[in-house]
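*Asks:* Quick one: this structure, given as structure tokens, is what I'll be asking you about.
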Amino acid sequence: MRRAIELAKLGIGKVNPNPLVGAVIVKDGRIIGEGYHARYGDLHAERHAFSRLTEEAKDAEMYVTLEPCCHYGKQPPCTQAIIEHGIKRVYVGSDDPNALVAGKGIQTLRKAGIEVETQVLKEECDALNPVFFHFISTKTPFVVIKYAMTMDGKIACDTGKSQWITGKEARSHVQETRNALMGIMVGIQTIITDNPRLTCRIPGGRNPIRIICDSHLRIPMAAEVVQTAKKTPTIVATVSSEQEKICALQKAGVKVIITDSTDGKVDLRDLMQKLGQEKIDSILLEGGGTLNQNALQSGIVNHMQIYLAPKIFGGTGKYTPVSGTGVREPDEAYLLTNRKMRTFGDDILLEYDVAKRRAE
């Protein structure tokens, strides 16, 4: 199963909004076939493994990280292939929450006389697909807030300059995250101030879909994200109905999404619903303090990546990771759970899941 997990990871950045899945076929203690879901629309892991068999699979065992599908989609049911090849036993890692599967795949195999053992290395298999599990259950993107800050809590100098807070190793890891998640979202002030490209700089990597929250359509037509929109998918979310600007952006290749308004700004909950309809399953939020605060307050955040650099900027604290008025009482704080800590060079990465607040 650990080999199947390794294989599943080869699909990172290529299968969204499908899950990462790996499969290994074993006969008489020998691996006779292995596969993974390599790209959205391509063979599922089980069928990929069957396509690479070195000998007949009758009476062999299969290890698969996610419950085999039992319905027709872009590919036929994997349960059908398992039955047809005469597999005698299947070891499954994660349960599939997809309503089209959700236990039906396991039931189909057992009805065909195949032994099925579930929850094999479940925790490790589940860790492959938090994005898929969230998206298939809610139809909204899995949102990750990422920011880098100094040891005194600054995300920029008082001058506004922020390149670079972290070192090369940490910045390389950010590119891996951009490749893994389907979208990247920033606020309009980031576009105006930094004019970023918001692309993935890993050779052979996938550029995320760029999403700019721009309530009043202040985005300059000369911005990099507008000028390159015909090459890299770009969405501007707004509450404005200024047709001249909307038409100009559309002509440049930008998709404009008009959302509900909350206090005259883009309603992030409504935006997540609309992005889910676009089959965008995950978003890396690289905004400033205002967008981070609005995202946390709206309850759309699932996970946080916080890079800590061994530096001190000093100053007034004007550039803080989460701005706004903040919470009124300590017990209203946004709670973070399931801490993970890694190091990249001299920098530290802290990762947390965001606990849902009772009011939500």
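The values are calculated or read from the model by the stated rules, or taken from the named source; none is laboratory data. Owing to the predicted nature of the structure, the values given are computational and were not obtained by experimental measurement. Quick reminder, even Gly has a Cβ in these numbers, built from the backbone with ideal geometry, and neighbours come from all protein chains shown. Just so you know, the surface numbers come from the protein's heavy atoms only, side chains and all, with ligands and any DNA or RNA stripped out. Shrake-Rupley method; radii C 1.70, N 1.55, O 1.52, S 1.80 Å.
*Asks:* Got the relative contact order for the range 1-152 handy, in percent, Cα pairs under 8 Å and 6 or more residues apart?
*Replies:* About 19 percent, as a whole number.
*Asks:* May I ask what percent, to the nearest 5, of DSSP beta bridges between residues of the range 42-136 are antiparallel?
*Replies:* 0 percent
*Asks:* Dipole size in debye (nearest 20) for the range 1-153 around its Cα centre, Lys and Arg Cβ +1, Asp and Glu Cβ -1?
*Replies:* 340 debye
*Asks:* Within the range 246-359, what whole-number % of the accessible surface is contributed by carbon and sulfur, with the 1.4 Å probe and all protein chains included in the calculation?
*Replies:* On the way: 3100 of 6290 Å².
Whole-percent figure for carbon plus sulfur exposure: 49.
*Asks:* Between D194 and M151, what is the label-to-label distance in nm when each label sits 7 Å out along the Cα-to-Cβ direction?
*Replies:* 2.4 nm
*Asks:* Moving to a separate point now. Using the per-residue mean of other Cβ atoms lying within 10 Å as a proxy for protection, in what order, highest first, do the peptides 105-118, 338-351 fall?
*Replies:* The densest-packed peptide leads the list: 105-118, 338-351.
*Asks:* If the only charges are +1 at each Lys and Arg Cβ and -1 at each Asp and Glu Cβ, what is the size of the charge dipole of the chain around the Cα centre, to the nearest 20 debye?
*Replies:* Details: 47 positive and 42 negative charges, 158 e Å.
In total the dipole reaches around 760 debye.
*Asks:* Can you check what the Kirkwood hydrodynamic radius comes to for the range 2-151, Cα pairs only, in Å to one decimal?
*Replies:* Hydrodynamic radius (Kirkwood, Cα only) of the range 2-151 equals 15.5 Å.
*Asks:* Now for a separate question. Dividing the alpha-carbon radius of gyration of the range 237-360 by 2.2 N^0.38 Å (N being the number of residues), what value is obtained?
*Replies:* Values: Rg = 17.5 Å, N = 124, 2.2 N^0.38 = 13.7 Å.
Cα-based Rg divided by the globular estimate yields 1.27.
*Asks:* Moving on. Would you work out which of A38, V225, N292 lies farthest towards the positive end of the dipole of the chain? Charges go on Cβ: Lys and Arg +1, Asp and Glu -1.
*Replies:* Of the options given, the answer is V225.
*Asks:* Of all DSSP beta bridges located in the range 151-271, what percent are antiparallel, nearest 5?
*Replies:* On the way: 2 of 15 bridges.
Once the DSSP bridges in the range 151-271 are tallied, antiparallel ones form about 15 percent.
*Asks:* With a 10 Å cut-off between alpha carbons and a GNM built on the chain, which of I87, I211, I184 moves the most?
*Replies:* Highest fluctuation among the options: I87.
*Asks:* If you don't mind, another one. What's the magnitude of the charge dipole for the range 217-350 around its Cα centre, counting Lys and Arg as +1 and Asp and Glu as -1 at the beta-carbon? Answer in Debye, nearest 20.
*Replies:* So the magnitude is around 420 debye.
*Asks:* Could I ask something else about it? Would you mind putting 215-221, 177-183, 132-138 in packing order, based on average other-beta-carbon counts within 10 Å, highest first? Write down the numbers at each step before the final one.
*Replies:* Working: 215-221: 15.7, 177-183: 22.1, 132-138: 18.6.
By packing density, highest mean first, the sequence is 177-183, 132-138, 215-221.
*Asks:* Percent relative contact order of the chain, based on C-alpha pairs within less than 8 angstrom and at least six residues apart?
*Replies:* Over the chain, the number comes to 15 percent.
*Asks:* Here's another thing I want to ask about it. Roughly how many Å² is the accessible area per residue of the range 184-290, as a whole number, for a 1.4 Å probe?
*Replies:* 47 Å²
*Asks:* Turning to a different aspect of this structure: For the range 139-235, what Kirkwood radius comes out of the mean inverse Cα-Cα distance, in Å?
*Replies:* 14.7 Å
*Asks:* Using a 1.4 angstrom probe, figure out how much accessible area the range 36-115 has per residue, in square angstrom, rounded to the nearest whole.
*Replies:* 47 Å²
*Asks:* For the chain, what proportion of DSSP beta bridges, expressed in % and rounded to the nearest 5, is antiparallel?
*Replies:* Percent antiparallel among DSSP bridges in the chain is about 40.
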